[in-house]
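Written out below as structure tokens is the structure these notes cover.
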Amino acid sequence: MGVLSKLHPLRSHSGAAQGGINAALDPKDSVKDHVYDTVKGSDYLADQDAAEILCKEAGPTVIEMEHMGTIFNRAPDGSLDRRAFGGASYNRTIYAADRTGLALLQALYEEVGRDRKIRVYEEWDAIDLIVRDGRVQGVVAMERKSGHIEGFAAKAVVLATGPAGRIYGKTTNSHESTGDGCALAYRAGAFLKDMEFVQFHPTCLPHTSILITEGARGEGGILRNAKGERFMERYAPHFKELASRDVVSRAIVTEVREGRGFPDGTVRLELMHLGKEKVESKLQEIVSYSRTFAGIDPVVEGIPVFPAQHYMMGGISTNPKAETNISGLYAAGEAACVSVHGANRLGANSLLETLVYGKIAGQNAAAYAKTATASTLSQADVEASQNTVHALLERKDGETPAKIRTEMQSTMDELVGVYRHPDDLINAITRISQLKVRYTKCIVTDKSTTFNLNLIEAIELGHMLDLAEVIVAGALARTESRGAHVRTDYPKRDDQKWMRHTLASVTKEGPNLTYLPVTVTEFQPKERAY
């Protein structure tokens, strides 16, 4: 088995996940309550059969990771400690200080290193996903170190390529989060699901968009406006700062828009009342980020925060077996949409989804590969990818990828944000379409073959433009407000028309949108209140 990664695996964006991982391990808690919180948080767009699998497997998954070597925080009695998280009716978020994603990633990578049957190809960029005769045949990828392009034949492929947040300029995502797997699958004929649902994390540092974990509010952090008001009492009187992320993000944006923000266009997250020992022991990275990047000490003063793009609820459409509509192609994690997050993800459910459905994807892909015939990846497939890359390198006149990328990010920041207006969305579609045309003539100024990041950025830009187009098309078509998708002209949720998933398929004219019913098992849609 081979693992192909555009980075060294320990540099994966999963390492930036801070706050924790949800599991109903306390006897006073229940899997059913976890499912309900997940479905409610999704604004009832989550497929409830998939959410049930997620929450049922949460406890065993966390225990498995603990046995694998993940060093979680412990309560005084020695049990796994838990903290409160947004949208949860019980404190079920298990954590490793504010470095939970990194702790899980390290434990998993050590496990991979113990298995000699697994070969890891570090710093290889997938260029094409090869699909023929209705099934996946493998991938064509380029090694960063040499520029060498090679085909990897495979009976089954699992895409776990993570987020596409760099479509936005103001994002918590790493620079490598360019949606490569989603774009490759889309171009190869896979459906993308619910791409219009983009989560904005409410508490990020201004200018840098560095994430300030929800765990800070879980430990007791308070949001205040420039008047000193604890304004979340107006928007979510019961849950306050621990309402779901879409609710808190809209509240902050509203406070600033209506003139109650600070002069720098932010609100303040206060931790001072928690005490120096608690803040510095349980929120170590937050203390470091605040002091280094904001020039403030959260032990003695409030942290300036404002929402930034954080997570894509949408992704490659899969069923609860992690299967796509292409035989032999599976997807998991943020690259996939099963859908357990619906219109809005609860904090600390993302690491959980990656582990639970990553395992399901791997098991089902392995089972499929045992019965599948040999793949037929050919030299012609490799040459087609080589020609695409050579065309970029040989072009002598045109715009730089950086210029086009900056305009794309500005378009998404300005026109496809927390609040969405139809005129803005129509303008965004026009701009993205124009940028796609300009992209066909962009130039790579670095002609080298060794670690040519200019070339890689050009390839990634093509992925992001395709996905940006799908996001905006889905947002314009969905005439309601649900979860993270808020239309100013349609402020209400419309269950009669829109209790359905958006499916996007590629055509020469752009994304073609069709729809799929939401799976409802136990929890009927009702008004969501916090």
Notebook entry, point to check: So which residues in segment 280-300 are within 27 Å of the chain's Cα centre (by Cα) and touching a residue at least 12 places away in the same chain (Cβ under 8 Å)?
Noted result: K282, L283, Q284, E285, I286, V287, Y289, S290, F293, A294
Next item on the list: Would you check if there is a residue in segment 16-36 being in a helix (DSSP H, G or I), touching a residue at least 40 places away in the same chain (Cβ under 8 Å), within 18 Å of the chain's Cα centre (by Cα) and under 30 Å from M142 (Cα atoms)?
Entry: yes
Margin query: Could you check segment 331-386 and list, in sequence order, the residues that are open to solvent by 10 Å² or more (accessible area, probe 1.4 Å), closer than 25 Å to A164 by Cα and among the basic types (K, R)?
Written below: K359
Checklist line | Per-region count, segment 140-156, residues over 26 Å from A372 (Cα atoms), assigned to a loop (DSSP other than H, G, I, E, B) and open to solvent by 20 Å² or more (accessible area, probe 1.4 Å) | finding: 4
Notebook entry, point to check: For the subset of segment 391-440 comprising residues that are over 25 Å from the mean Cα position of the chain (by Cα) and among the β-branched types (V, I, T), which member is surrounded by the most Cβ atoms within 10 Å (Cβ to Cβ)?
Noted result: T400
Note to self: If R11 meets every condition in (1) under 16 Å from L351 (Cα atoms); (2) crowded, with 24+ Cβ neighbours inside 10 Å; (3) not aromatic (F, W, Y) apart from one, which number is that one?
What the structure shows: (2)
Item checked: Where V470 falls short, out of the listed (1) within 24 Å of A190 (Cα to Cα); (2) open to solvent by 10 Å² or more (accessible area, probe 1.4 Å) -> (2)
Check: Just for helices (runs of 4 or more DSSP H) wholly inside segment 206-262: which have at least 2 residues that are over 26 Å from D297 (Cβ atoms)?
Finding: 232-235, 245-257
Next item on the list: Would you mind telling me which numbered condition in (1) free of Cβ contacts under 8 Å to residues at least 40 places away in the same chain; (2) surrounded by fewer than 15 Cβ atoms within 10 Å (Cβ to Cβ); (3) over 18 Å from H8 (Cβ atoms) G113 fails?
Entry: (3)
Item checked: Failed criterion for D133 (all others in (1) closer than 29 Å to P202 by Cα; (2) surrounded by fewer than 19 Cβ atoms within 10 Å (Cβ to Cβ); (3) of a type in the set (D, E, K, R) hold) -> (1)
Check: If G295 passes every condition in (1) closer than 24 Å to S174 by Cα; (2) touching a Gly at 6+ places or on another chain (Cβ under 9 Å) but one, which one does it miss?
Finding: (2)
Margin query: Pull out all pairs, ordered by first then second residue, where Cβ-Cβ is under 8 Å, the residues are six or more apart or on different chains, the first lies in segment 262-279 and is of a type in the set (F, W, Y), and the second is at pLDDT 95 or above.
Written below: F262/N225; F262/A226; F262/R268; F262/P304
Item checked: All positions within segment 488-506 that are open to solvent by less than 10 Å² (accessible area, probe 1.4 Å) and in contact with a Pro (Cβ under 9 Å, 6 or more places away or on another chain) -> H501, A504
Note to self: Cβ-Cβ under 7 Å, sequence separation 6+ or interchain: first residue in segment 62-80 and aromatic (F, W, Y), partner surrounded by 13 or more Cβ atoms within 10 Å (Cβ to Cβ) and not in a loop (DSSP other than H, G, I, E, B). Which pairs?
What the structure shows: F72/E66; F72/L80; F72/I94
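The values are calculated or read from the model by the stated rules, or taken from the named source; none is laboratory data. Values in this document were obtained by computation on a predicted structure and should not be read as measured data. Cβ: placed from backbone, ideal geometry, glycine included. Neighbour counts: every protein chain shown. Ligands, DNA and RNA are excluded from the accessible area calculation, which covers all protein heavy atoms including side chains. Shrake-Rupley method; radii C 1.70, N 1.55, O 1.52, S 1.80 Å.
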